[in-house]
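A quick write-up on the structure given underneath.
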Amino acid sequence: MGPDGVPGPAVPWRKVLWECQAFPDNYVDQRFLEELRRNEGIRQYRYWAVVREAGFVGEQLSCVAIFITLWLYMEQSLLFPETLLWTSLVCALLGYGLHRALPAPVESGCEPRTRLADLQSAAIFLSFTFGFSPVLKTLTESVSTDTVYAMSAVMLLAHLVSFPYAQPSPPGSFSLNAALFASVCLASRLPGALHTFAMLTCALLVFALWPCLLQRLRGSAPSQFAGVCVGVCVAGVAGLGSQWPGGAVLLALALGSVTLLCPLLLVRLQRHKDNIQGPWDEAEIHEDLGHFGH
């Protein structure tokens, strides 16, 4: 039977294009739907597995909240730059030791960095940042404070949107640049050059080095990774609540939506997924054609 319901001729129909047949171009026989396949290769998600992966998104959102909290404390002279510098140094040393202790993933063609190379990179960054701190302090003097705050908010939002959550080690260039740009804008509104240097050093730890350590932890110790994400989220809400209770409520709602509600919606919507494959799809070549490149 054709699509118009008219019986075809006695000659059997063949699904070929090179032969002239006594059938309309859109003719199909009863075997057409026998090759129908539904939801082939669909990945089934488990709720808690999705929650664990979404924890990286909530953790990064909390890191931004922690950085803003530290900046608020610095702006109100409740946190001295020396204290922040010493705390950042201790955290950097502990984090570096843990990063070296955790097993590194095997990457072909990539040689592991040496301690000397890491020390040289840290010395270069700290030297240039300390030397340019007076310049960065006066970088936005001619710009209004509202504009600086607006640019910082947009750049932090761009950092969160463009952050490579699947493989954050190292962070994406655009995401990292957006976070550092926002850090420079905020640090330029602090009282002195030492405040600016301390804030930029803290920004490097939070936005560049911390994701690398967390990625290593996620691959080596998944259970500890989940605990660290929960701790960072609690610290972000508590820290922001000490300066802005309304912001802490908004952050808690955002974290609950990202880490609990969105995974639930993803798992629930999987049952309504209906992908069909059949003879109307494009042909797929499964033969290994690698020998043609030699």
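Looking only at the range 187-198, which residues are closer than 15 Å to L139 by Cα and part of a helix (DSSP H, G or I)?
If the condition is that a residue be closer than 15 Å to L139 by Cα and part of a helix (DSSP H, G or I), then A187, A193, L194, H195, T196, F197 are the ones that fit.
Here K15 fulfils each of the conditions (1) touching a residue at least 24 places away in the same chain (Cβ under 8 Å); (2) open to solvent by 70 Å² or more (accessible area, probe 1.4 Å); (3) within 26 Å of the chain's Cα centre (by Cα) apart from (3).
For the range 137-165, a tally of residues being in a loop (DSSP other than H, G, I, E, B), at pLDDT 90 or above and of a type in the set (S, T, Y) returns 1.
Scanning the range 110-167 for residues that are aromatic (F, W, Y) and either in contact (Cβ under 8 Å) with a residue 40 or more places away in the chain or in contact with a Lys or Arg (Cβ under 7 Å, 6 or more places away or on another chain) (or both) yields a total of 4. Taking the range 72-81 as the range and being surrounded by fewer than 23 Cβ atoms within 10 Å (Cβ to Cβ) and over 14 Å from G247 (Cα atoms) as the test, the residues that pass are Y73, E75, Q76, S77, L78, L79, F80, P81.
Looking across A198, A208, A193, A238, one residue alone is under 22 Å from the mean Cα position of the chain (by Cα) and of a type outside the set (K, R). It is A208.
Looking at T83, T69, which is the one that is of a type in the set (S, T, Y) and more than 24 Å from L160 (Cα to Cα)? Answer to the check: T83. Would you confirm, using the coordinates I've provided, whether P168 is at negative phi, assigned to a loop (DSSP other than H, G, I, E, B) and in contact with a Pro (Cβ under 7 Å, 6 or more places away or on another chain)? Yes; evaluated as a whole, the condition is true for this residue. Being part of a helix (DSSP H, G or I) and β-branched (V, I, T) is a condition met by at least one residue of the range 85-99.
Can you tell me which residues in the range 14-69 are aliphatic (A, V, I, L, M) and part of a loop (DSSP other than H, G, I, E, B)? Passing the criteria: V16, L17, A22, V28, L36, I42.
For (1) part of a helix (DSSP H, G or I); (2) open to solvent by 50 Å² or more (accessible area, probe 1.4 Å); (3) under 24 Å from T147 (Cα atoms), each residue gets a yes or a no:
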| residue | (1), (2), (3) |
| --- | --- |
| L176 | yes, no, yes |
| A203 | yes, no, yes |
| L213 | yes, no, no |
| Q224 | yes, yes, no |
| V228 | yes, no, no |
| V232 | yes, no, no |
| G236 | yes, no, no |
| L253 | yes, yes, no |
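The values are calculated or read from the model by the stated rules, or taken from the named source; none is laboratory data. Fair warning: this is a prediction, and the values are worked out from it, not measured in the lab. Cβ sites come from the backbone with ideal geometry, for glycine too, and all protein chains shown count toward neighbours. Side chains are part of the model used for accessible areas, which takes the heavy atoms of the whole protein and leaves out ligands, DNA and RNA. Shrake-Rupley method; radii C 1.70, N 1.55, O 1.52, S 1.80 Å.
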